[in-house]
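Just so it is clear, none of the values below were taken in a lab; they were calculated from the coordinates. Keep in mind that this is a model prediction, so the values were computed, not measured. Note that we place each Cβ from the backbone using ideal geometry, even for glycine, and neighbour counts take in every protein chain shown.
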Number of protein chains: 4
Amino acid sequence: MSVKKTENELKALSAKAQKKRNNILGNSMRVFAKEGFGGTDVQVIADLAGVGKGTVYRHFGNKEQLFLATAKHCLEMLGQFVLKELGGEQASQQLVQQHGAIETLRQIASAVALFYQRTPQAVEIMIQERAEFRETVFPSHLMHRAENRAGVDELIKAAIDGGEIRVVDPTIATNAYSDLIYGSVISGCLEGGKSKLVARVDAAMEIFLAGLTPENSKSKRKPRNS
Amino acid sequence: MSVKKTENELKALSAKAQKKRNNILGNSMRVFAKEGFGGTDVQVIADLAGVGKGTVYRHFGNKEQLFLATAKHCLEMLGQFVLKELGGEQASQQLVQQHGAIETLRQIASAVALFYQRTPQAVEIMIQERAEFRETVFPSHLMHRAENRAGVDELIKAAIDGGEIRVVDPTIATNAYSDLIYGSVISGCLEGGKSKLVARVDAAMEIFLAGLTPENSKSKRKPRNS
Amino acid sequence: MSVKKTENELKALSAKAQKKRNNILGNSMRVFAKEGFGGTDVQVIADLAGVGKGTVYRHFGNKEQLFLATAKHCLEMLGQFVLKELGGEQASQQLVQQHGAIETLRQIASAVALFYQRTPQAVEIMIQERAEFRETVFPSHLMHRAENRAGVDELIKAAIDGGEIRVVDPTIATNAYSDLIYGSVISGCLEGGKSKLVARVDAAMEIFLAGLTPENSKSKRKPRNS
Amino acid sequence: MSVKKTENELKALSAKAQKKRNNILGNSMRVFAKEGFGGTDVQVIADLAGVGKGTVYRHFGNKEQLFLATAKHCLEMLGQFVLKELGGEQASQQLVQQHGAIETLRQIASAVALFYQRTPQAVEIMIQERAEFRETVFPSHLMHRAENRAGVDELIKAAIDGGEIRVVDPTIATNAYSDLIYGSVISGCLEGGKSKLVARVDAAMEIFLAGLTPENSKSKRKPRNS
DNA sequence: CATGAATGAGTTTTCATTCAT
DNA sequence: TATGAATGAAAACTCATTCAT
């Protein structure tokens, strides 16, 4: 049985198998986050998950793939969380139309921050992945960005055309936006304790997004109550 | 145990020891950056440095302390590099007075980016440190920030008072400024290849610093040729 | 984790594990005795036992515990051997009643000597344990004594009451009896070659036990043919 | 320069060298006794002695010879102590003549016990030597015995001829006498705490020496107040 | 499919010994 | 002679991975 599963294969798995898989993944997230990739003993994950070590290997092939699956799992959770926070696909569309791109970017950033504030283990996983697999594997969080950046790019491009955002290279703006979130999350989860992440990101965004706003429209922005 | 040693003998001794120490440190930086903390075999560092493994342990105690010393070394190099780029202490003072805080922040960020672009290993070291020693050790890069943030804070505070920067919480601004650099450096050194780091940071700064600029002064800024 | 296992399967499993355990123990006894605790490489034991080094560690945790288990194993063998030599529990009781305490003490000492003469490795183990773990661990041979001394104490006490042994502090007598055996075994296995241990202990006992005999009964004792 | 020194070479050493040698020996005794042979780091001995590690090696050749020299040193101290306790050569002669062999043996045993009670490190050294060098080196304590046993043998032989000791093989008696002291010292220094060693040996001797006494003379012995 | 005992390659670390100063 | 920095052989111990049950 291949360990790398296609979407279809995954769907084909019995509910029971899915449950076991997620059980392992949940525990591996905790352990990897706490002990780091190198410091993690797969046996510990198996014990916490209440399965044999062989079962873990059957499902994920090896430690590296287990970790990568864990990282992917985190990102999926992040994606779902952000979408839910924005109220779903439709509400997101409406948000852009009714409140503009800037506000949308702000809310996305805020949602991301909230996710990592509530799931600080995901921060560790992200860092571990970057640290361990820098060259070997294209980090899933970058892959995740790649998936999402198209959206952000579009958002920004349209906003530039509409005059809501001043004229900048959309790629540059997207990068800067992502980098600021990324840097704030990593630093913020250590420095500010776990409860200050949203505040830190919101505050940073307030400045950054102001930098994207055309001068004449700045005064029009309503004060916010974040 | 020597009965008496002249100052010169002492200095000569410590100079020799210093040389050996730096030799080891330089090689450990390369290896740790390439292999990661967990993936590094101290023997390899010793071989590259042309010394016995015991010598490495004699100088640094254990692998962890060797790594931490390496990380500290990187930050010291960064500090020296930035200072040199700005032209030294005095020139830095003049820079602020003649070109303002915004321009100074831009140049600092640019210098930091240039350092990491030229010394991409330092990026890996920084990430490794964060990944391996998250809670155990207060990361030296944060310590480094703590040392420098006072200066940035002052800079921003004064600029706010002088009207060059719009009214924001200086702590927040400093955090955001640092986080953006941090995030850009980590992402940029992977995504853009090694040569694009300065461009990425400069571009991000262009947006971010615009967000710090009061509206009426924005138009006055000259276009930059990054 | 097996869902169900019959009693037999469990017994079979533990029997197999027991066999492997005893296999390791037997070889560790040889190696520890020959090389000493410090001089022993666990790998050698594993090789001789025909198992992987990891298996040894899996079963015994670390070198120290392996050694301690070995020492305990020796003492168990000693206990079984002595009991067997005396003909079992019942025969021992009869021995006391029919031939008296003195004769019993002599036979016990003789059996102990015979064991160590046939299993000189056990002597080395005992010494190693004393040498390496003096304060850390309460030596198992002393623990062993503690278990047996109650019996010897009783024996002597009863014999004093019955007039077979002259009036002495039973604790003192037991100590002296044990110390003499202990000292003879340790010295004898080196000095006299391996074959003279029983003779040495018997001869020493002849003198010592005479010292426990009331004067008037001494002349009654029949000459022995050791 | 040879590390193994003849008596003459030793005497030829300057007082200063002698002092340094004894300084090292005194510290090595403490460290070997506390840490065991394998657990001892020669550097620690050098540090305590206030000399360089090279100096230790210059004087003693290697760790093994350092240990052996330490063991020998202990035995020399023991010999001197016992002789002093008995009041010197002459007094010893008189002791035998005036109080008999039995009393002399008792006093020797008591003196030995007192030495080990006051210098418990010497016990550890003795055990370590036996444990580490069982076959390689003929243990110095046995060598020591060999030197002294001649005297004890003579003593016993003469006492048998004189009727003070009952007819036994003198070699056997000497062995048993030594073994009992040996066993008591090793056990006693652990079990009874350090302060009970003399009492333990005295009590054991009381019984053992009774076993050497002819029946008819037993009643003549005065009760002792140990 | 699940399990967990077995394995041994791979690493860290120590420390006896040497030798240039 | 004295020193102590340098060395590297040696060993303990871990844990990812396999595979017989």
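Highest first, please rank the peptides D:172-184, C:46-58 by the mean number of other Cβ atoms sitting within 10 Å of their residues.
Details: D:172-184: 25.1, C:46-58: 15.2.
Taking the mean over residues of other Cβ atoms within 10 Å, the ranking is D:172-184, C:46-58.
For the stretch C:7-61, what is the Kirkwood estimate of the hydrodynamic radius, computed as the reciprocal of the mean inverse distance between distinct Cα atoms, to one decimal in Å?
Numbers: mean 1/r = 0.0856 Å⁻¹.
It works out to 11.7 Å.
With the label 7 angstrom out along Cα to Cβ, how close does B:D47 come to the same site in each of the other copies, in nm, nearest first?
Nearest first, the other copies' label points are 2.4, 3.2, 3.5 nm away.
How large is ³J(HN,Hα) for each residue in the stretch A:75-86, as worked out from phi by the Karplus curve 6.51 cos²θ - 1.76 cosθ + 1.60 (θ = phi - 60°), to whole Hz, x for Gly and Pro?
With coefficients 6.51, -1.76 and 1.60, one gets 5, 5, 4, 4, x, 4, 4, 4, 4, 5, 4, 7 Hz.
About the Cα centre of the stretch D:70-215, how large is the charge dipole given +1 on each Lys and Arg Cβ and -1 on each Asp and Glu Cβ? Please answer in debye to the nearest 20. If you can, show how the numbers build up before the last one.
Numbers: 13 positive and 19 negative charges, 76 e Å.
Magnitude of the dipole: close to 360 debye.
Using the 7 Å Cα-to-Cβ label point, sort the distances from A:Q98 to its equivalents in the other copies shortest first and give them in nm to one decimal.
5.4, 10.6, 11.8
What order do you get for D:F32, C:F60 when you list them from fewest to most C-beta neighbours inside 10 Å? Kindly include the intermediate steps, with their values, before the conclusion.
On the way: D:F32 25, C:F60 21.
With the sparsest Cβ surroundings first, the list reads C:F60, D:F32.
What does the copy distance list look like for D:E76, label position 7 Å along Cα→Cβ, in nm and ordered from shortest?
The answer, with the shortest distance listed first, is 4.8, 5.0, 7.9 nm.
Could you work out, residue by residue across B:181-190, how many beta carbons of other chains sit within 10 Å of that residue's beta carbon, and then give the average as an integer? Mind showing how you got there, number by number?
On the way: counts 3, 7, 14, 7, 2, 6, 10, 2, 1, 6.
For peptide B:181-190, the averaged partner shielding equals 6.
Testing the spin-label approximation: label points 7 Å from Cα along Cα→Cβ at B:E215 and B:E76. State their distance in nm.
Each label point lies 7 Å from its Cα, and together they span 5.0 nm.
From the P(r) of the stretch B:1-134, can you give the percent of Cα pairs sitting at distances over 24 Å?
Details: 4040 of 8911 pairs.
The share of Cα pairs beyond 24 Å in the stretch B:1-134 comes to 45 percent.
Where does the stretch A:39-90 land on Rg(C-alpha)/(2.2 N^0.38 Å)? The partial results should precede the final answer.
Numbers: Rg = 14.8 Å, N = 52, 2.2 N^0.38 = 9.9 Å.
The reported ratio for this selection is 1.50.
Report, as an integer, the average count of C-beta atoms from other chains found within 10 Å of each Cβ along C:121-134.
Mean number of neighbouring Cβ atoms from other chains: 4.
Please give the Cα centre distance for the stretch A:167-210 versus the stretch A:62-113, rounded to the nearest Å.
For the stretch A:167-210 versus the stretch A:62-113, the Cα centre distance is 15 Å.
Compute the convex hull volume of the Cα atoms of the stretch C:70-215, divide it by the residue count, and report the result per residue in Å³ as a whole number.
Working: hull volume 14.9 nm³, N = 146.
Hull volume normalised by residue count: 102 Å³.
Filter B:K19/B:K84; C:K84/D:K34; A:K19/B:K63 down to the pairs with a C-alpha to C-alpha distance above 29 Å, please.
On the way: B:K19/B:K84 22 Å; C:K84/D:K34 39 Å; A:K19/B:K63 40 Å.
Pairs exceeding 29 Å: C:K84/D:K34; A:K19/B:K63.
Tell me, what HN-Hα J-couplings in whole Hz come from the Karplus equation 6.51 cos²θ - 1.76 cosθ + 1.60 at θ = phi - 60° for each residue of the stretch C:25-38, using x for Gly and Pro?
4, x, 6, 5, 4, 4, 6, 4, 5, 7, 9, x, 5, x
Where in the stretch B:148-202 are there trypsin sites (Lys or Arg not before Pro) that are in a DSSP coil and have at most 14 other Cβ atoms within 10 angstrom of their Cβ? Present the calculation step by step, with values, prior to reporting the outcome.
Working: sites: B:R149, B:K157, B:R166, B:K194, B:K196, B:R200; in loops: B:R166.
Within the stretch B:148-202, no trypsin sites (Lys or Arg not before Pro) qualify (loop, at most 14 other Cβ atoms within 10 Å).
Run the dipole for the stretch A:7-61 about the Cα centre, Lys and Arg Cβ at +1, Asp and Glu Cβ at -1, nothing else charged, and hand back the magnitude in debye, nearest 20. Kindly include the intermediate steps, with their values, before the conclusion.
Numbers: 9 positive and 5 negative charges, 47 e Å.
It works out to roughly 220 debye.
Work out the FRET efficiency for C:E103 and C:L83 from their Cβ-Cβ distance, taking R0 = 22 Å, and round it to the nearest 0.05. The partial results should precede the final answer.
On the way: r = 17 Å, r/R0 = 0.76.
Once rounded, the FRET efficiency stands at 0.85.
For the pair D:E35 and D:D161, what calculated FRET efficiency results from E = 1/(1 + (r/R0)^6), where r is the Cβ-Cβ distance and R0 = 45 Å, to the nearest 0.05?
On the way: r = 49 Å, r/R0 = 1.08.
Result of the calculation: an efficiency of 0.40.
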